[in-house]
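Take a look at the structure set out below.
Computed from the coordinates by the stated procedures, all read-outs in this text should not be read as laboratory data. As the structure is a prediction and not an experimental result, all values here were calculated from the model. Every residue, glycine as well, gets a Cβ built from its backbone with ideal geometry; the counts of neighbours run over all protein chains shown.
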Amino acid sequence: MPIVDPKTVYFCVDLEASGPVPGLFNMVSVGGVEVRFDGTRHVQGERFYYEIAPDFPGFDPHAQSIHGLTEAHLVANGRPAREVLAAIRDFVAARVGPGERPLFVGHNAPFDWMFVAWYFAWAELPNPFGYNALDTKALMMGRTALPWKQCNKERLLEVYPQLTAPAPDRVHNALADAEFQADILIALLDA
């Protein structure tokens, strides 16, 4: 049975970071995809992607090996964090109509939401998502009755064969991962 909340506009957000916590480490890229109910089913909408210039000294070599964004690349090509956050705030505001509310969605939302919320507070900008976040791992656990450790993307591909993972060269690209997470959310909501 589909889960329908026509007043909620979902924003599937993924980010890559230079380490495990904000403030010591940097959010190096962020991507997002709007998902909403079109009257029949949930569909993907507009998207955003930004690479962010570093503000903090922490760069963990393991984190960099995962996403491949070097400090030098980000210094040369990244946008200022406050500019990116203002753009995300404006992106969300432009897609949420009267009576609707935005909801941050992530696959392992605690990590991604922690960085996004911290960065908005640091930049002294209002967080358009507030304190709410939906974790698709937890939603999968509730929908499938699988144990937490089995609520990973690999198992999602088995449970929902209509899903397609990003190509190997696009894994850990914040936008590609956000698009995949939007597909995951749609599969879970419309199951």
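Peptides 89-101, 44-56, 123-135, 106-118 ordered by packing proxy, namely the average of other Cβ atoms within 10 Å per residue, highest first: 106-118, 44-56, 123-135, 89-101. Ignoring lysines fewer than eight residues from K137 along the same chain, the ones with Cα atoms less than 22 angstrom from its Cα are K149, K153.
Computed from the Cα positions only, the extents of region 1-93 along the three principal axes stand at 46, 26, 19 Å, in decreasing order. Listed by Cβ neighbour count within 10 Å, with the fewest neighbours leading, T164, T70, T144, T8 appear as T164, T70, T144, T8. Per-residue Cβ neighbour counts within 10 Å put L185, L175, L24, L163 in the sequence L24, L163, L175, L185, beginning with the fewest. In plain terms, the residue of D190, D14, D38 with the fewest other Cβ atoms within 10 Å comes first and the most crowded comes last, giving D38, D190, D14. Placing unit charges on the Cβ atoms of the charged side chains and taking the dipole of region 8-190 about its Cα centre, the candidate lying farthest along the positive direction among A138, I184, L69 is A138.
Phi-derived couplings, Karplus 6.51 cos²θ - 1.76 cosθ + 1.60 at θ = phi - 60°, listed residue by residue for region 46-59: 5, 9, 9, 8, 9, 9, 10, 5, x, 10, 10, x, x, 9 Hz, with x used for Gly and Pro. Rounded to the nearest whole Hz, the Karplus-based 3J(HN,Hα) values (6.51 cos²θ - 1.76 cosθ + 1.60, θ = phi - 60°) of region 88-105 follow the sequence 5, 4, 5, 4, 5, 4, 6, 10, 10, x, x, x, 9, 9, x, 9, 6, 10, with x at glycine and proline.
How much of the DSSP bridge set in the chain is antiparallel, in percent, rounded to the nearest 5? Rounded to the nearest five, the antiparallel share is 60 percent. Residue-wise HN-Hα couplings along region 164-179, as the Karplus relation 6.51 cos²θ - 1.76 cosθ + 1.60 with θ = phi - 60° gives them from phi, are 10, 5, x, 4, x, 7, 10, 5, 6, 8, 4, 6, 4, 5, 5, 5 Hz; Gly and Pro carry x. Based on Cα contacts under 8 Å between residues 6+ apart, the chain shows a relative contact order of 28 percent.
For the chain, the dipole from Cβ point charges (+1 on Lys and Arg, -1 on Asp and Glu) about the Cα centre works out to 440 debye, to the nearest 20. Around the amide H of A191, modelled in the peptide plane, lie the amide H atoms of I3, all under 5 Å away and 5 or more residues distant in sequence or on another chain. Quick one: net charge around A138, please, counting Lys, Arg +1 and Asp, Glu -1 for every other residue with C-beta under 15 Å from its C-beta. So the surrounding residues net to +3.
Its Cα gyration tensor gives the chain an equivalent ellipsoid, and the semi-axes of that ellipsoid, as √(5λ) in whole Å with the largest first, are 27, 20, 14. Taking a sphere under 14 Å around the Cβ of S65 and counting the other residues whose Cβ falls inside, with K and R at +1 and D and E at -1, yields a net charge of -3. Summing Lys, Arg as +1 and Asp, Glu as -1, what charge do residues with Cβ under 13 Å from the Cβ of C151 carry, C151 excluded? Net charge around C151: +2.
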